[in-house]
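Worksheet: one structure, shown below.
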Amino acid sequence: MIAIGFAGTAKNTGKTTAALTVLEQAQRAGLRLGLTSIGYDGEALDHITGLPKPRYLAPAGTLVTTAHDVLDSGTAKLQLIETLDSSTLFGPVVLAKVEQPGSLVLVGPNHKAGLRSALQRLEELGVDLALVDGALNRLAPMSVCDGLILSTGAAYDQRIPVIADHAYALYRLFRLPVLPPAADIQDENFVLTYSGGKTKTLPGTSLLTKEAARDLCQLISTPVSCLEIPGVCAPDAILDLIECGLSQLAGGQLVFRSALNLAASKDARTWLKVFNRALSLGIKIFVRESIPLRCVTVNPIFPEFTTRSGQYQYGRVDADKLIEVVTTRLSDIPVVNVMDKPQPDLLGWLEIPIKGKNHEP
Amino acid sequence: MKTVILAPLDPVHDNAVKLLQRKLTEAGYRALALPPGVTAEEVIERALAETPSAILVSRTLGYQVAETLSGLVDLADAAGLRPHTRLGVGGMAVTREIGAELGFDGVFSGDLDLAAVVAFIENRPIERNTAAASAARPKPDLTAGYSYHFKDPMIEALLDEITSQLLSWVKGKSSPGIRRAQIREAMLAEPTDSAEKSRLQEHYLQQCDTEIRAFYQAGNMPEGVRWLDRSEMERLPSLTAAVAAANSVRHIGDRPLIFTQYGTGCPLMDAVHIKVAEAWGADGLLHFDPSWGAQREGLLDGLLSHEHDGTILTLDNLRLIKTALAPHLLWNVRGHRGLNTPETQVLAQAAGADLLKINIPYGATGGGTDPVRLAVDGVYSLRLAARFGLPFDIPGNDELSGVPPHKTFAGLLVMTMLGLKLGARPIPKPLMCYSPYMMVEGCMEDNFIDMNAAKLRVWSEIIDAPIWPGEPVGFMTHTPDRVQSAMTTAAHVALAKDLGASAVTMASSDEAYSKGPISAQARVDTLRAAREMLRFMGSAGFSTTPAAERLQAQLHEGIRHQLEIIAKRGDFVAAIYEGLLGSPEDGLHPGRTGRGTVQEQAA
């Protein structure tokens, strides 16, 4: 099974539209589908803007993991299979099968442990392709997926260069070189490795504030060949660490657990400053885990609040210019507007195993 | 001691955090409040150091705030906190749907509900929101704690004289209504398919009108009546699914209990209205039947709907409606005025009602039933109420016809004494209203407080009994303006509370002007408005002008004088006919339905 996460840079960037496009193409390809969400999807109107939302129309046979209380919220007839081990604001997450096609609401596991468990069950039940709809700008749960489709657009910012810069920063995060898992990897501490291979652990896992960075810096008294940080990090904290520990870190390696651990904090563009400063000091940056970014979708439409009516309405930026500028920045990855005709072949970029070839009957 | 981190995630405002810190500390938690302006990164760093059971964020939704909140959730997940730290969010405009989209485990909106917050931290269901908790919630007894001791011995003596005469007068009298009630009780004791039940049904039909007989024998439906169909019935479970209980309408104390009335004509629509009332904090519901049902000899049977006000009174309809009632809700079935008064008490008890409603003087005038007939049926109904152990309330709505309150109250007191003598538990319902009499006499031109205060306080001078202003409070102060209507209802509820009322009945904000079934949102209007008003008032109260004492004294004297006239007449039923409890000049006429149907029983 392949699990694809649909992440966004903000609300209304087109995650669900991208997911629906893949859903439609996968249905035509005869794949057995699994659907879930880390937020709340499939509602008729957006909870904040009140504008219409794309609806999930699930074909018969699709397996879904959603919250118990929304099982009857759509027109699809769902057969409850089992209750899973995570819970949401709408009750426990359940596994259900679409018996009669129709619309449905998805409120799935809201964190990565729950999502991992849900995807595992979908795989055990023979799903070929699991689609995980995202929520707002949340990325962390997607770390358990096999690939990511990133949606961005005017809902993130109406300045096209800013959209492109931000997408590029995320792209860089997902393209950080990956080191194989270390045999003696420490989850609970920072790990310092010296030139002779000797290691030392220091208390702490994450670097989220400048104060924490300076505290860690004080503990690194001699040059190190590698500093491994297993937790989450804020880019400005890492910048402070680099500046504070110039003499000890220069020429060495900074190893983070996951690209998504970096993407979770602050504006991704700040990480570009970190990468540039590290490069200037000969510090190489690695991650232990990453997730393949399969393609980027761009949405020129954004919800715009009008003070005259007191309501949201649609605004738009130049669609052609948006795709052109973002494509220029992300030169080796597909950048598409899924509303374009002919419809882009998103499924083709996901490298889905052909049905019957990868599953024993 | 469990640790909870409280974060405003707001550059300025942290009042909610401070309040929650105090409450959670009092509840035994180590509540760490972070200052305004703290970032998501700082919150997560603190959480990594403290390993809290929960992080509670307070933030009003606004521009870019959703992304800020989801950023915190994402960071918590990436930091590995979520397996042991629950994430909750509270603030204006945060809904359950938005909370789910943001990835939170809990959402808190509106006033601080500490029980809900504690349940969230402990990762357990909020017990009071479950059906089991509703079942465990004791049903309040409106009559508990009242001695029914008369404080005015003169009035007590007059009531004793009047009711003794009435009880003596009804001896040996019966009616088709009483016979149907007796047959109905016998039928209820029989298995569904017994031959005896069929025989009893035949006997029952002999006591019914032609129209009712035609329903049973030929399947002829009265005009506008139809069966509920299967598809409607299949929708019932989803319509009556358990709702999360709202906060009580009351801010402090356990009285007055809040009642609303339903009777849309359709039992399924009633079920929805009941759930709405339950969700918005009502303590009880009153079943209103159609007025034409009170004017027929005999009741229909089965699951029936019709396109008129009031829901058809059948055992099946009542039982269906009962399924929508949460176990903690009190349920009153109205049966105080028509030809089916005794049988209504039987069906109500069989369906699980908690309260009955019987008023002979009102039913025999404003209700349109012949005084002789209703006196006989009413006394029998009171005996049933006593046997069933169910309290009965006595609505004083004859005031709405223009009757001065002292005459209406004289009737309520007669019913009170009658009920007590027969072993039942009466609940008088003086009306808080702006009645025609008040308008004509100008008694309420300055304010609505003095007269209503006089009308409720006078009862405490006469008898130690529960007082339940109805029906509904604020009658004739409402207009088609929903805001005005909700406001005046709420003001009357607050006044009733201040005056020590045991319960109040509230209208929806469109009840008088809906031009059809009332709307659910209008039902919410008044419940919500009353809740806000009671919050506003708290333990504070109203003050009356000196006029209130004068009105109260006049009322007390008027009641006493009226009872003297009724006692002197020596015939309660004749007193009704002759207008001593409300005359044609007042706007009341003796009822005519069922005249000549009372028979002397063979010795």
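Every number here is computed from the coordinates shown, using simple stated rules; none is lab data. Please read all numbers here as calculations on a predicted model, not as lab measurements. We place every Cβ from the backbone using ideal geometry, glycine too, and count neighbours over all the protein chains shown.
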Dipole magnitude of chain B about its Cα centre (Cβ charges: Lys, Arg +1; Asp, Glu -1), debye to nearest 20:
1080
Above-threshold pairs, the threshold being 20 Å between Cα atoms, out of B:Lys407/B:Lys568; B:Lys171/B:Lys407; B:Lys275/B:Lys322; B:Lys151/B:Lys429; B:Lys322/B:Lys357:
B:Lys171/B:Lys407
Report the calculated FRET efficiency for B:His149 and B:Asp481 (r = Cβ-Cβ distance, R0 = 51 Å), to the nearest 0.05.
0.70
Of the candidates A:Ser309, A:Phe286, A:Ile323, the farthest towards the positive dipole end of the stretch A:262-335 (Lys/Arg Cβ +1, Asp/Glu Cβ -1, centred on the Cα centre) is A:Phe286
Straight-line reach from A:Lys53: which lysines have a Cα under 20 Å away, not including same-chain ones fewer than 8 places off?
A:Lys11, A:Lys15
State the antiparallel share, in %, of DSSP beta bridges confined to chain B, rounding to the nearest 5.
15
Expressed as an acute angle from 0 to 90° and rounded to the nearest 10, what is the orientation of the C-alpha long axis of helix A:160-174 relative to the principal long axis of chain A?
70
For the protein assembly as shown, what is the calculated [θ] at 222 nm in deg cm²/dmol (nearest 500), taking -39500 (n - 2.57) for each run of four or more DSSP H residues and dividing by its residue count?
-12000 deg cm²/dmol
For the pair B:Arg22 and B:Asp229, the simple spin-label estimate (label points 7 Å beyond Cα toward Cβ) gives in nm 5.9
As a percent rounded to 5, the proportion of antiparallel DSSP bridges among beta bridges in chain A is 45
Just name one of B:Gln217, B:Gly172, B:Ala547: the one whose Cα is farthest towards the positive end of the charge dipole of the protein assembly as shown (beta-carbon charges, Lys/Arg +1, Asp/Glu -1).
B:Gln217
For B:Gly263, the net charge from surrounding residues (Cβ-Cβ under 9 Å; K, R +1; D, E -1) works out to -2
Based on a Kirkwood Rh over C-alpha pairs, give the Stokes-Einstein translational diffusion coefficient of the stretch A:229-343 at 10 °C and viscosity 1.306 mPa s in µm²/s.
92
What number comes out for the charge environment of A:Ala259, summing +1 per Lys or Arg and -1 per Asp or Glu over other residues with Cβ under 12 Å away?
+3
Over the Cα atoms of chain B, what radius of gyration and what Dmax do you get, in Å?
27.8, 91
List the extent of the Cα atoms of the protein assembly as shown along each of their three principal axes, largest first, rounded to whole Å.
116, 64, 50
Please express the Cα-Cα pair-distance distribution P(r) of the stretch B:450-565 as a list of whole percents, one per 5 Å bin, running from 0 to the bin with the greatest distance.
2, 12, 19, 20, 18, 12, 9, 6, 2, 0
Give the percent of DSSP beta bridges with both residues in the protein assembly as shown that are antiparallel, rounded to the nearest 5.
35
How large is the Kirkwood hydrodynamic radius of the stretch B:1-62, in angstrom, based on all distinct alpha carbon pairs?
11.5
Arrange B:Asp283, A:Asp187, B:Asp377, A:Asp332 by Cβ neighbour counts within 10 Å, fewest through most, would you?
A:Asp332, A:Asp187, B:Asp283, B:Asp377
Going by Cα centres, the stretch B:154-195 and the stretch B:105-127 are how many Å apart?
51
Rounded Å value of the spacing that divides the Cα centres of the stretch B:262-318 and the stretch A:174-221:
71
Work from the charge dipole of the protein assembly as shown (Cβ charges, +1 for Lys and Arg, -1 for Asp and Glu, about the Cα centre) and give the residue of B:Pro517, B:Gln484, A:Leu350 farthest towards its positive end.
A:Leu350
Isolated Cys in chain A by the 4.7 Å beta carbon test?
A:Cys145, A:Cys226, A:Cys233, A:Cys295
Among all the lysines, which ones have a C-alpha under 27 Å from B:Lys2's C-alpha, if same-chain residues fewer than 8 places away are not counted?
A:Lys112, B:Lys18, B:Lys23
Given the stretch B:339-475, report the % of alpha carbon pairs whose separation exceeds 18 Å.
54
In degrees between 0 and 90, to the nearest 10, how far off the longest principal axis of chain B does helix B:520-537 point, with axes built from Cα atoms?
70
Between B:Ala553 and A:Gln313, the two model label points (7 Å from Cα along the beta-carbon direction) sit apart by a distance in nm of 6.9
When you take every Cα atom in the stretch B:229-355, what is the radius of gyration, and what is Dmax, the widest Cα pair distance, in Å?
14.5, 46
What is the order of B:Met533, B:Met506, B:Met451, fewest Cβ neighbours within 10 Å to most?
B:Met533, B:Met451, B:Met506
So how far, in whole Å, is the C-alpha centre of the stretch B:448-473 from the one of the stretch B:577-600?
26
Quick one: dipole size for the protein assembly as shown, taken about the Cα centre, charges +1 on Lys/Arg Cβ and -1 on Asp/Glu Cβ, in debye to the nearest 20.
1160
Helix B:65-78 against the longest principal axis of chain B: what's the angle in degrees, Cα atoms only, rounded to the nearest 10?
60
So what's the net charge close to B:His556: Lys and Arg +1, Asp and Glu -1, counting the other residues with Cβ under 14 Å from its Cβ?
0
Simple label model, 7 Å out from Cα along Cβ direction - B:Glu211 to B:Ser168, nm:
3.9
Given that compact globular proteins tend to follow 2.2 N^0.38 Å, what is the ratio of the alpha-carbon Rg of chain A to that value?
1.06
Charges at C-beta only: +1 for Lys and Arg, -1 for Asp and Glu. How large is the resulting dipole of the stretch A:229-317 about its Cα centre, in Debye rounded to 20?
240
